[in-house]
1. Can you list the HN-Hα couplings for the range B:64-69, worked out from phi with the Karplus curve (6.51, -1.76, 1.60; θ = phi - 60°), rounded to whole Hz and with x for Gly and Pro?
2. Below 8 Å between Cα atoms, with a sequence gap of 6+, how large is the relative contact order for chain B in percent?
3. Which percent of Cα-Cα pairs in the range A:20-111 sits in each 10 Å bin, short to long?
4. Report the far tail of the P(r) of the range B:1-68, meaning the percent of Cα-Cα pairs longer than 13 Å.
5. Taking all protein chains in place and a 1.4 Å probe, what share, in percent, of the accessible surface of the protein assembly as shown do carbon and sulfur account for?
6. Total Å² of accessible surface buried at the B-A contact, 1.4 Å probe, nearest 100?
7. Can you list the equivalent-ellipsoid semi-axes of chain B, largest first and in whole Å, using the square root of 5 times each Cα gyration tensor eigenvalue?
8. Suppose R0 equals 35 Å. What FRET efficiency, 1/(1 + (r/R0)^6) with r the Cβ-Cβ distance, do A:Val52 and B:Ser7 give to the nearest 0.05?
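The values are calculated or read from the model by the stated rules, or taken from the named source; none is laboratory data. Since the structure is predicted, the reported quantities are computational estimates derived from the model, not experimental observations. Counting neighbours? That spans all protein chains shown, and the Cβs are built from the backbone with ideal geometry, glycine included. SASA here: full protein model, heavy atoms, side chains in, ligands and nucleic acids out. Shrake-Rupley method; radii C 1.70, N 1.55, O 1.52, S 1.80 Å.
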Amino acid sequence: DMKVTQMPRYLIKRMGENVLLECGQDMSHETMYWYRQDPGLGLQLIYISYDVDSNSEGDIPKGYRVSRKKREHFSLILDSAKTNQTSVYFCASRDRGSDYTFGSGTRLLVI
Amino acid sequence: KTQVEQSPQSLVVRQGENCVLQCNYSVTPDNHLRWFKQDTGKGLVSLTVLVDQKDKTSNGRYSATLDKDAKHSTLHITATLLDDTATYICVVGDRGSALGRLHFGAGTQLIVIP
């Protein structure tokens, strides 16, 4: 069964702490994405990765960075988390011509 | 500015009833349009994808239409079940390739009651 796995599912961090969100996929998809979902808004694109070490900023990259050292793994890093980064973060993957597969999300609370 | 508008924001129907969800967008170009279902606390699951200028798809009790001239799509759910309770999200893709971006609506929250 094709899937995108996100870890952790829930996370509470204090303002100023570093945060690492992990995403893995078992489909060898080239393209991976990080989105955040806030109440009343559509998903917003943070970063896209087209393959290993080939990353591009999305629409709201400020305060985030990413790492993709293996095709199946894409990390989102928050250096010095802020309270306005409290959100639900979704990872997704897609291969050429394929549908999108989304993870179940990581719920991050920054206090 | 929001480029994908969904209506209604929320909807309550009784089990067995039909419902229609609307999506209007201003995304250009509009290569394709997808409808996703998001159960509470879960990720997005694709229901259907529409590609043609005037397109129709059917997937069990779900059917969808797209009119690119009007930049409008509908999702019809027939004979609703309690498990249809979820948020339905309209997404417009501006290209067919992986270089394209997806533009997400905020979703319609559907609640199906017994």
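1. Rounded to whole hertz, the list is 9, 10, 9, 10, 6, 5.
2. 36 percent.
3. It works out to 17, 54, 26, 3, 0, in whole percents.
4. Taking all Cα-Cα pairs of the range B:1-68, the fraction more than 13 Å apart is 72 percent.
5. Within the protein assembly as shown, the accessible surface is 51 percent carbon and sulfur.
6. 1600 Å²
7. Semi-axes, largest first: 24, 14, 12 Å.
8. 0.25
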